[in-house]
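A.B. asks: Here it is: the structure, laid out below.
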């Protein structure tokens with residue numbers, strides 16, 4: 001299942017020092033693990049390759065090593081990948097008639113747009129958040145004048161005026177706030193199976209300018225498409241939380 005954290009405080013950065021382990025072959029009988037907290041990735045890899053060379057001609061030992069890697073490490077990576085896929089496959093619990101709207105609404109929200117949905121016709125109109133604030137502020141000021149000045153021909157203003165004039169009910173979905181977007185990034189980090197990337201992303205989130213640094217790290221990785229898909233799913237679920245009940249509609 002896909003979960004969005006309820007607490008607003010950032011979770012502790014996942015540590016990986018205790019996972020920096022290498023394979024050490026005990027020639028008496030078995031493979032054991034030995035911690036090497038001070039070895040960097042290159043040294044670990046060189047050490048592991050050296051060990052592999054010592055047993056490359058022993059099928060029985062290679063088979064035991066292969067079994068250990070698959071059961072203890074590879075299956076964990078597959079589990080992380082499955083968790084991400086399960087999150088992407090989650091079907092939100094909303095009235096069926098709203099489900100076809102989720103993809104577009106999620107994309108609009110990701111662009112910082114406010115989405116206005118007509119629950120009767122299912123028409124969706126998206127307006128930049130800055131323009132909605134400007135419009136309704138001007139609307140309040142003009143309503144106090146005897147001869148209000150007509151709005152300019154801004155097409156977004158025309159859309160807002162049509163919503164006010166013609167729609168009986170309106171569902172308004174504003175873009176997620178920054179703390180909610182932060183939760184999206186946190187949730188994604190928890191599902192990243194690449195421990196090095198996961199560590200870099202976690203550090204980005206818990207340092208200065210977390211949004212900028214997170215985007216910088218993820219754009220230089222092979223997980224960028226996965227992040228886009230995950231973020232889109234988060235936005236769709238966020239939109240779905242506003243569409244669970246038809247009586248959420250309001251009159252503008």
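Just so you know, all these numbers are worked out from the coordinates, no wet-lab data involved. Every value quoted in this text rests on a predicted model; they were computed, and no experiment measured them. Please note: Cβ atoms are built from the backbone with ideal geometry, for glycine as well, and neighbour counts cover all protein chains shown.
A.B. asks: Computed FRET efficiency, Cβ-Cβ of residue 54 and residue 194, R0 22 Å: what is it to the nearest 0.05? List each step's numbers first, then the result.
C.D. replies: Details: r = 28 Å, r/R0 = 1.28.
Working from the Cβ atoms, E equals 0.20.
A.B. asks: If you don't mind, another one. Treat each spin label as a single point 7 Å out from the Cα along the C-beta direction, and report the residue 88 to residue 169 distance in nm.
C.D. replies: Output for this residue pair reads 3.5 nm.
A.B. asks: For 114, 217, which order do you get if you count the other beta carbons within 10 Å of each Cβ and list the fewest first?
C.D. replies: Working: 114 20, 217 17.
Fewest-to-most Cβ neighbours within 10 Å comes out as 217, 114.
A.B. asks: Given R₀ = 22 Å, what would the calculated FRET efficiency be for residue 245 paired with residue 179, taking r from the Cβ atoms and rounding to 0.05? All intermediate terms of the calculation are to be shown ahead of the outcome.
C.D. replies: On the way: r = 24 Å, r/R0 = 1.09.
That gives a FRET efficiency of 0.35.
A.B. asks: Among 91, 46, 190, which comes first, second and so on when ranked by fewest other beta-carbon atoms within 10 Å?
C.D. replies: Numbers: 91 7, 46 12, 190 17.
Sorted ascending by nearby Cβ count, the order is 91, 46, 190.
A.B. asks: Now for a different question. Based on the Cβ-Cβ distance from residue 46 to residue 206, what FRET efficiency comes out when R0 is 30 Å, to the nearest 0.05?
C.D. replies: Numbers: r = 31 Å, r/R0 = 1.03.
E(calc), rounded to 0.05, equals 0.45.
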